[in-house]
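Contents: one structure, followed by commentary.
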Amino acid sequence: NVPAVRACLESGVDVNKVLNGDKMTALHVAAWNGHAALVKALIEAGADVNKTASPNSVEGVVLHNVTPVNLAAQQGHTPCVMELIKAGADVNLARSDGVTPLYIAALFGHEGCVASLIQAGADIHKAARRRIDAGQTPLSAAVTRKHEKVVALLKHFGGA
């Protein structure tokens, strides 16, 4: 509800206020849930596109340095990724386990996110450090998961 959020912000609510123990802000939540119009409104209100959070991972490990673009890329929300990039999101900022937005988008086969991140200068060679896929690059992650279109895209741009 973009109008409701704008009304809250106009009443003085801090756009970068942490909402929970995970240190997530409204921008993190909007990016995770794919609400591109809300992402844009929050950015226009001064939301920090590189603010980091510390949510739990699927493995139950607390991750650090998780940015809104990392969350949007993981979920495959290309319009959110594009809004965040336009606003200056750091496309190479890795989570505490070394997973970049490009890596996570490639891992889950989100072709639109992969293309947007590459065009924005994402490092196609940066490998993950997390326990289950240490040393894998975005290309090797896409190959492992059989995401053929993502594999072709990464190879086109020199992925190894």
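Observations, loosely collected:
- Hits in segment 25-34 (condition: surrounded by fewer than 21 Cβ atoms within 10 Å (Cβ to Cβ) and not aliphatic (A, V, I, L, M)): TRP32, ASN33, GLY34
- Residues satisfying the stated conditions in segment 70-87, i.e. small (Gly, Ala, Ser) and either open to solvent by 10 Å² or more (accessible area, probe 1.4 Å) or outside any helix (DSSP H, G or I) (or both): GLY76, ALA87
- Checked against the criteria, ASP123 counts as within 17 Å of the chain's Cα centre (by Cα) and open to solvent by 50 Å² or more (accessible area, probe 1.4 Å).
- Filter result for VAL18 (more than 21 Å from LYS86 (Cα to Cα), of a type in the set (A, V, I, L, M, F, W, C) and at pLDDT 80 or above): yes
- Assessment of segment 103-116 against the conditions (on the phi > 0 side of the Ramachandran plot, open to solvent by less than 40 Å² (accessible area, probe 1.4 Å) and touching a residue at least 24 places away in the same chain (Cβ under 8 Å)) yields at least one matching residue.
- LEU102 vs. criteria in a helix (DSSP H, G or I), farther than 15 Å from ASP90 by Cα and out of contact with any strand residue (DSSP E or B) (no Cβ under 6 Å at 6 or more places or on another chain): no
- ASP14 vs. criteria within 30 Å of GLY135 (Cβ to Cβ), surrounded by fewer than 20 Cβ atoms within 10 Å (Cβ to Cβ) and of a type in the set (Asp, Glu): no
- Members of segment 52-61 that are open to solvent by 70 Å² or more (accessible area, probe 1.4 Å) and either more than 17 Å from PHE108 (Cβ to Cβ) or at pLDDT 85 or above (or both): ASN56, VAL61
- Matching residues in segment 35-51 - criterion: being outside any loop (DSSP other than H, G, I, E, B), open to solvent by less than 50 Å² (accessible area, probe 1.4 Å) and touching a residue at least 40 places away in the same chain (Cβ under 8 Å): ALA36, VAL39, ILE43
- Per the listing ASP22, ASP97, ASP90, the residue uniquely open to solvent by less than 50 Å² (accessible area, probe 1.4 Å) and either within 25 Å of ILE124 (Cα to Cα) or not in a helix (DSSP H, G or I) (or both) is ASP97.
The values are calculated or read from the model by the stated rules, or taken from the named source; none is laboratory data. Everything numeric in this text was worked out from a predicted model, so none of it was measured. Quick reminder, even Gly has a Cβ in these numbers, built from the backbone with ideal geometry, and neighbours come from all protein chains shown. These accessible areas exclude ligands, DNA and RNA; they are computed on the full protein's heavy atoms, side chains included. Shrake-Rupley method; radii C 1.70, N 1.55, O 1.52, S 1.80 Å.
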